[in-house]
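Below is one structure, written out as structure tokens; the observations come after it.
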Amino acid sequence: MGDMYREIMVKPDTPLGKRFLKTFFPVMTGICVVIGVILWPFLIGALAFLLLSVFVGPKMDVEYEYLYVNGELDIDAIYSKQKRKRVCSHDMEHLEVLAPAKSHALDSYLNKQGAKYEDYTSKHAPEKSYILVFNEEKGQKIIAVELDDVIIADIRRIAPRKVNLY
């Protein structure tokens, strides 16, 4: 039996506010440096904007990579195409339900208090979005992702009663 390996990249649209701030921080750094030559207290502002543009700016441009290997789904966030961070990893043995985002099979899970919800979709293709509900020690975790038909078929092979495609 062959191993199942699938990789999917998802790029969410960057909101206008984040795009504005990503260019605003370096511009304000330059302006504060120029004014700081005359009035030295502006150099403190330049340092603050420089720190914001170095540490906060790259976090505003994010992509998600799904890596599905033999029943395990790993989700990584890639910031500014430079830094990768593992945001979650789940085994399909702990899967409670998988269904399309608009499915009524999810109503009881989405309305439950205390469940942790995480969205790793592009937010512009809701027809391709799926919700996965996992049981963990801390409670239920609800994850929104954009999976393809090959991954859905493999999860259905592993846990056929937990996959709802309607």
Segment 118-157: number of residues that are open to solvent by 70 Å² or more (accessible area, probe 1.4 Å) and among the aliphatic types (A, V, I, L, M): 0
Residues satisfying the stated conditions in segment 99-123, i.e. assigned to a strand (DSSP E or B) and farther than 21 Å from PRO160 by Cα: LYS116, TYR117, GLU118, ASP119
Tally of residues being farther than 14 Å from VAL69 by Cβ and either under 14 Å from the mean Cα position of the chain (by Cα) or charged (D, E, K, R) (or both) across segment 82-92: 5
Residues of segment 130-148 satisfying the condition of being part of a strand (DSSP E or B), at pLDDT below 90 and touching a strand residue (DSSP E or B) at 6+ places or on another chain (Cβ under 8 Å): ASN135, GLY139, GLN140
Close pairs (8 angstrom Cβ cut-off, 6 or more residues apart or separate chains): touching a residue at least 60 places away in the same chain (Cβ under 8 Å) and among the acidic types (Asp, Glu) in segment 1-27, open to solvent by 90 Å² or more (accessible area, probe 1.4 Å) and not in a helix (DSSP H, G or I) anywhere: ASP13/LYS123; ASP13/HIS124
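The values are calculated or read from the model by the stated rules, or taken from the named source; none is laboratory data. What you see is a predicted model, and the numbers here were worked out from it, not measured in a lab. Positions of Cβ are generated from backbone atoms using ideal geometry, with glycine treated the same way; all protein chains shown enter the neighbour counts. Each accessible area value is taken on the protein alone, full model and side chains, heavy atoms only, with ligands, DNA and RNA left out. Shrake-Rupley method; radii C 1.70, N 1.55, O 1.52, S 1.80 Å.
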